[in-house]
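First up is the structure itself, then whatever we jot down about it.
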Amino acid sequence: MFQLLVDVGPYCLCLYAVLGLGAMAFVMSQLQKMFQQQQLNWKYSMTDNIPPGSLGLPFIGETIQFMAAINSDKGFYDFVRERSLRYGNCFKTNIFGETHLRASLVNLFSSNSISSLVKQFDQLIFDALSGWEDGATVIVLDEALKITFKAMCKMLLSLESGAELELLQEDVGQVCKAMLAFPLTFPCTRFYKGLQARKRIMSTLEKIISRRRGLDSDFEDFLQRLLAEDDASCSQGMHRLTDEEIQDNIMTMIIAGQDTTASAITWMVKYLGENEEALDAIKATKKSFLSLDDLNEMPYASKVVKESLRVASVVPWFPRLVLEDCEIEGYKIKKGWNVNIDSRAIHLDPTVYDEPLKFNPSRFDDEICCKPYSFLAFGMGARTCLGINMAKAMMLVFLHRLLTTYKWRVIDSDSSTEKWALFSRLRSGCPVQVTRISNIE
Ligand code: HEM
């Protein structure tokens, strides 16, 4: 330390002092905000009929326990499981940090666009699977992440290859990791790296948008349609999206669509690989290309997709901000609280699904097999997943191409989930050994 003081000189010492004071002021203001929130929480916790549970330590609440769960082999959902065993289905806790998904693109998801997307997915998946060597071990999650990332970038930005695409993929990975990190903006923290990655993504998107603005471009992707709609709104005197809002929407879509779909594909391959009965029940005939109509004629495969999504619960909970004081199951819930809907607990509830841990696609043979609001893989209500049809299409195309090209054997049966992942991801990535069907016949 002494050596450092001697070397840096008086100017740098001043700079360090200013930086130190700035950091202290920042920390103090954050502590003050947290203290006020904590006081409010404690005040509410004194009133009757609020959900059972613990608000944890002053200031930090149960954040440490939450982070410990994220960092454990069982994953962050263990935090929820432990508390629901202790307090029941509805419990309160206190964690800092929030997660957001935003919507503003509803009309871009028509069945017409899904139809042309199916062809793109098919080509991408066909190409990717053709590259696997006969007898090789393939990590399904890695392959699926590459495929879904390419699919999202092609569909959103017509970006198919090159350095821009690779950089984007790496940066999106950093942003996803930062979403569950402590919000500490010091260099080297996961959160800080995520912020830097977000800046780089926004700047790449900014360049792409400025190349497109004002040009009579013949791109047929989401960005182009968004820009066209935006121009139309502007000429009708309506609100115009800023470039930053468009960039933000595109980034949200990449994050919302890539990791979720890749994780769901991985779980599906694992469940099927470990379930001969279900595997035998799928009838898949080789086709040179797939259309949306073909996908609509795959009833059992569609149930495999649905059952995989139920058992895996890729998005295990989703948050809602309480806008007004209200009551849930007799418990008083205060305005300003975050309520997290625990979709996994519902998917695995034996009073809702018979033998919930069993992978059984046929449970959906009967359309009205389950209670309303019991299948929450894509959320429910006003914030239901926008990419629902797209995600199902990608899963079906992947399943069909895999089934008609390879036989596979799951090598690692470990089911633990990845640490620090926003969505429920298989830690092993699901290594499988693949054998080309043409070499068996
Ligand atoms: C298997 C794959 C997927 C799963 C399990 C999934 C799941 C979900 C869930 C549970 C929500 C609701 C979150 C909430 O209510 O807070 C959601 C929202 C959303 N999803 Fe997906 N999703 C998947 C794929 C996709 C794809 C492929 C896209 C885009 C192309 C997408 C775009 C979105 C968007 C934009 C929202 C926000 C909707 C809003 O806030 O109004 N998702 N997703």
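The values are calculated or read from the model by the stated rules, or taken from the named source; none is laboratory data. What you are looking at is a predicted structure, and each value in this text was computed from that prediction instead of being measured. Backbone-built Cβ (ideal geometry, glycine too); neighbour counts: all protein chains shown.
Evaluation of Cys234 against the conditions (1) loosely packed, with under 14 Cβ neighbours inside 10 Å; (2) within 16 Å of the ligand (Cβ to nearest atom); (3) not hydroxyl-bearing (Ser, Thr, Tyr) shows that the sole unmet condition is (2).
I'm trying to understand the selection: among the residues of region 237-252, which are surrounded by 13 or more Cβ atoms within 10 Å (Cβ to Cβ) and either within 21 Å of Val172 (Cα to Cα) or among the acidic types (Asp, Glu) (or both)? Within region 237-252, Asp243, Glu245, Ile246, Gln247, Asp248, Asn249, Ile250, Met251, Thr252 meet the criteria.
Could you tell me how many of the residues in region 415-441 are assigned to a helix (DSSP H, G or I) and in contact (Cβ under 8 Å) with a residue 40 or more places away in the chain? Don't jump to the end; show me each part of the working.
The initial filter retains those residues of region 415-441 that are assigned to a helix (DSSP H, G or I), namely 437-440.
Keeping just the survivors that are in contact (Cβ under 8 Å) with a residue 40 or more places away in the chain gives 439.
Residues in region 415-441 being assigned to a helix (DSSP H, G or I) and in contact (Cβ under 8 Å) with a residue 40 or more places away in the chain: 1 in total.
So is Ser374 in contact with a helix residue (DSSP H, G or I) (Cβ under 8 Å, 6 or more places away or on another chain) and within 16 Å of the ligand (Cβ to nearest atom) or not? Yes; evaluated as a whole, the condition is true for this residue.
The residue that is farthest from Tyr271 (Cα to Cα), among those in region 396-414 that are in contact (Cβ under 8 Å) with a residue 60 or more places away in the chain and either assigned to a loop (DSSP other than H, G, I, E, B) or among the aliphatic types (A, V, I, L, M) (or both), is Val397.
Among the residues of region 215-231, the ones that are part of a loop (DSSP other than H, G, I, E, B), surrounded by 15 or more Cβ atoms within 10 Å (Cβ to Cβ) and free of Cβ contacts under 8 Å to residues at least 24 places away in the same chain come to 1 in all.
If you check Leu241 against the conditions, is it part of a loop (DSSP other than H, G, I, E, B) and modelled with pLDDT under 85? Considered against the rule, which asks whether it is part of a loop (DSSP other than H, G, I, E, B) and modelled with pLDDT under 85, Leu241 comes out as yes.
Report yes if some residue within region 239-248 is in contact (Cβ under 8 Å) with a residue 60 or more places away in the chain and within 23 Å of Lys146 (Cβ to Cβ); otherwise report no. Scanning region 239-248 turns up no residue that is in contact (Cβ under 8 Å) with a residue 60 or more places away in the chain and within 23 Å of Lys146 (Cβ to Cβ). Just so you know, in region 368-410 the residues that are touching a strand residue (DSSP E or B) at 6+ places or on another chain (Cβ under 8 Å) and among the hydroxyl-bearing types (Ser, Thr, Tyr) include one that is surrounded by the fewest Cβ atoms within 10 Å (Cβ to Cβ), and it is Thr405. Of all residues in region 254-298, those satisfying the criterion of being over 26 Å from the mean Cα position of the chain (by Cα) and part of a helix (DSSP H, G or I) are Glu276, Glu277, Ala278, Leu279, Asp280, Ala281, Asp293, Asp294. Could you tell me whether region 202-214 includes any residue that is touching a residue at least 24 places away in the same chain (Cβ under 8 Å) and within 16 Å of the ligand (Cβ to nearest atom)? Yes: region 202-214 contains one or more residues that are touching a residue at least 24 places away in the same chain (Cβ under 8 Å) and within 16 Å of the ligand (Cβ to nearest atom).
Yes or no: Lys306 in a strand (DSSP E or B) and surrounded by fewer than 22 Cβ atoms within 10 Å (Cβ to Cβ)? When the stated conditions are applied, Lys306 does not pass them. Scanning region 324-344 for residues that are within 15 Å of the ligand (Cβ to nearest atom) and either surrounded by 19 or more Cβ atoms within 10 Å (Cβ to Cβ) or of a type outside the set (S, T, N, Q) (or both) turns up Val339, Ile341, Asp342, Ser343, Arg344.
Here Val315 fulfils each of the conditions (1) over 26 Å from the mean Cα position of the chain (by Cα); (2) assigned to a loop (DSSP other than H, G, I, E, B) apart from (1). Every condition in (1) modelled with pLDDT under 90; (2) within 21 Å of Ala197 (Cα to Cα); (3) surrounded by fewer than 18 Cβ atoms within 10 Å (Cβ to Cβ) holds for Leu180 except the one numbered (3).
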